[in-house]
1. So THR193 passes all but one of these: (1) touching a Lys or Arg at 6+ places or on another chain (Cβ under 9 Å); (2) at pLDDT 95 or above. Which condition number does it fail?
2. Among (1) farther than 27 Å from PRO296 by Cβ; (2) surrounded by 18 or more Cβ atoms within 10 Å (Cβ to Cβ), there is one condition VAL216 misses while meeting the rest; what is its number?
3. Of everything in segment 261-287, what is assigned to a strand (DSSP E or B), touching a Ser or Thr at 6+ places or on another chain (Cβ under 8 Å), under 28 Å from VAL338 (Cα atoms) and free of Cβ contacts under 8 Å to residues at least 60 places away in the same chain? Give them in sequence order.
4. Being out of contact with any strand residue (DSSP E or B) (no Cβ under 8 Å at 6 or more places or on another chain) and buried (at least 16 other Cβ atoms within 10 Å of the Cβ), is that true of even one residue in segment 196-208?
5. Got a number for residues in segment 288-302 being of a type in the set (A, V, I, L, M, F, W, C) and assigned to a loop (DSSP other than H, G, I, E, B)?
6. When the residues of segment 208-250 are narrowed to those that are in contact with a Leu (Cβ under 9 Å, 6 or more places away or on another chain) and part of a helix (DSSP H, G or I), which ends up nearest to ALA339 (Cα to Cα)?
7. May I ask you to list the residues in segment 158-174 that are over 17 Å from VAL290 (Cβ atoms) and either in a loop (DSSP other than H, G, I, E, B) or touching a residue at least 60 places away in the same chain (Cβ under 8 Å) (or both)?
8. Within segment 1-35, work out how many residues are at pLDDT 95 or above, open to solvent by less than 30 Å² (accessible area, probe 1.4 Å) and part of a loop (DSSP other than H, G, I, E, B).
Amino acid sequence: MSGLPAGVPVSIEAIDHELWRRQQGYGRGGRMKIETDRARIVSGVRHSKTIGSPIGIIIENKDWKNWTEVLPVEDSEGADDKKKPVTRPRPGHADLAGAIKYNFADARYVLERASARETTARVAVGALAKEYLKAFQIQVLSHVIAIGSARIERSAAWDEIVELNKREEIFLNCADAEAEQRMKAEVDVAYRTGDTIGGVFEVVAHGAPPGLGSHVTWDSRLDGRLAQAIVSMQAVKGVEIGFAAEGAAAFGSKVQDTIHYDREQRHFTRGANRAGGLEGGITNGQDIVVRGMLKPISTLRRPLESVDLATREPALAAYERSDVCVVPAAGVIGEAMVAIVLAQAFLEKFGGDSLAETRRNYEGYLEQVRSF
């Protein structure tokens with residue numbers, strides 16, 4: 001990770017906690033019993049603070065030792081006999097598209113990199129971005145709002161989300177106990193039937209100032225950058241900022257967030273936050289609300305129809321060790337992605353080679369906002 005200014009506090013314990021959160025949740029599979037992720041920082045941090053240079057983090061894959069002969073770096077005599085080829089691509093996975101793109105007769109190389117195991121690195125980097133944002137009282141958290149057809153039927157307040165994320169055990173990470181039990185029932189059905197199930201997670205960024213992002217060009221719009229970051233996650237097929245789906249079915253008079261002014265506090269307020277904290281690609285000072293819509297993951301214990309790459313004959317798709325439900329974990333990864341994008345936008349606006357310099361710039365801007 002490059003670009004963080006010097007002086008940002010770094011806690012390996014905090015990074016490891018985020019890595020732990022990514023591995024939790026009802027519905028996780030066998031991989032979580034193998035890996036106990038720990039971060040080892042090898043550059044860019046000294047005496048628990050960033051020093052302005054790139055930060056290098058190593059996270060070991062304990063399972064790798066079981067694959068050194070199956071997937072060696074260098075070829076050797078007899079190596080073909082130890083291969084574990086994947087020739088029956090899984091519908092919904094990158095297997096077939098990747099094999100065609102790279103001209104592989106075996107999808108093993110594709111699925112290993114396409115795996116969501118890659119998001120471990122995102123969460124570690126996101127933990128550093130969170131530490132940076134925390135220095136400016138910006139916090140990023142998530143909660144689950146739907147699994148299958150079970151859904152929380154109300155909005156969760158920020159204080160509820162904070163309390164939810166203080167739990168020592170991550171179950172399905174829903175702020176409503178009754179809804180969480182209905183979600184559990186959906187996961188149980190998937191367990192019993194050899195299926196998988198998806199859902200919707202919501203990431204909320206609290207404390208972001210107005211003015212991050214820009215309306216000037218398409219690629220500087222912060223809502224677009226956040227959407228791309230969330231959809232880049234494995235199995236996420238849709239993204240919603242604010243109450244987009246609800247707004248699409250309503251009249252404009254019921255959708256826009258009315259503007260008001262508090263003379264005593266000298267700041268603008270809103271009647272609601274249906275826009276999810278972003279208007280015209282720019283933060284407006286409200287909570288930033290981003291939802292990811294996660295399809296059921298592609299590896300099923302009761303595999304779907306496929307075609308064998310070698311014979312071109314009908315075959316059942318391959319089965320690789322898998323989860324049943326990953327929606328709570330996806331929320332943690334979503335937090336990391338939102339934190340990374342917000343940290344980038346924050347640095348673009350306020351700059352600074354040290355945290356103290358950035359803070360001076362930021363405080364000057366806040367005074368400008370107060371005096372507007």
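The values are calculated or read from the model by the stated rules, or taken from the named source; none is laboratory data. Note that the coordinates shown come from a computational prediction; the quantities given were computed from them, not determined experimentally. A quick note on method: Cβ atoms are made from the backbone with ideal geometry, for glycine too, and the neighbour counts reach across all protein chains shown. These accessible areas exclude ligands, DNA and RNA; they are computed on the full protein's heavy atoms, side chains included. Shrake-Rupley method; radii C 1.70, N 1.55, O 1.52, S 1.80 Å.
1. For THR193, the failing item is (2).
2. (2)
3. Within segment 261-287, just ARG270 meets the criteria.
4. yes
5. The qualifying residues number 2.
6. Out of the qualifying residues, it is LEU226.
7. LYS166, ARG167, GLU168, GLU169, ILE170, PHE171, LEU172, CYS174
8. 5
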